Amino acid sequence: MFAFLERRRSNLLLTRHRQSLVVTPENRFRCPCCGYKTLKVPAALGLCPVCWWEDDGQDDEDAEEVRLTVNGQLSLREARLHFAACGASDPRFLPYVRKPELAER
C-alpha cells in the first residue's frame, strides 16, 4: 500500500513540475526585434516566427552593433527598420514569417 501511495505522490509531483514548464503566451518573452511575445527564453538563440530574428542577446544598448553571428550582417537596429517596413527582420525572410497571434501582442 505504501508503494502505491509513493508512486501516486511521485506522479503528482511530476505532473506539477511539467505544468510549471509549459510555455504559454503569458510567460513568453518579447522579441527584441518585433516586440511580440514569441520567445520561450531570452537570449537563447530562439527564432522568432513573427520577424525571423534569432535572439542572440542583442538589445537596445548595442542595437547598432553588427555581431556577425546568427543574424549575419544585420544589426538589431537594421532588423527593426526592416520589420517596420516589410514585416520581417530582412526582406529575404518574408516567405518564412507569420502574423502575430493575439496572445503574443
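The values are calculated or read from the model by the stated rules, or taken from the named source; none is laboratory data. As the structure is a prediction and not an experimental result, all values here were calculated from the model. Note that we place each Cβ from the backbone using ideal geometry, even for glycine, and neighbour counts take in every protein chain shown.
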Practice prompt. Those residues that are in a loop (DSSP other than H, G, I, E, B) and over 15 Å from the mean Cα position of the chain (by Cα), I need them from the stretch 55-87; list them, please.
Written response: Ala63, Glu64, Glu65, Val66, Arg67, Leu68, Thr69, Gly72, Gln73, Leu74, Ser75, Gly87
Item to complete: Could you tell me which residue of the stretch 1-54 is surrounded by the most Cβ atoms within 10 Å (Cβ to Cβ), considering only residues that are of a type in the set (Phe, Trp, Tyr) and at pLDDT 80 or above?
Response: Trp53
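Report yes if some residue within the stretch 72-86 is loosely packed, with under 12 Cβ neighbours inside 10 Å and of a type in the set (S, T, N, Q); otherwise report no.
Yes, that holds for at least one residue.
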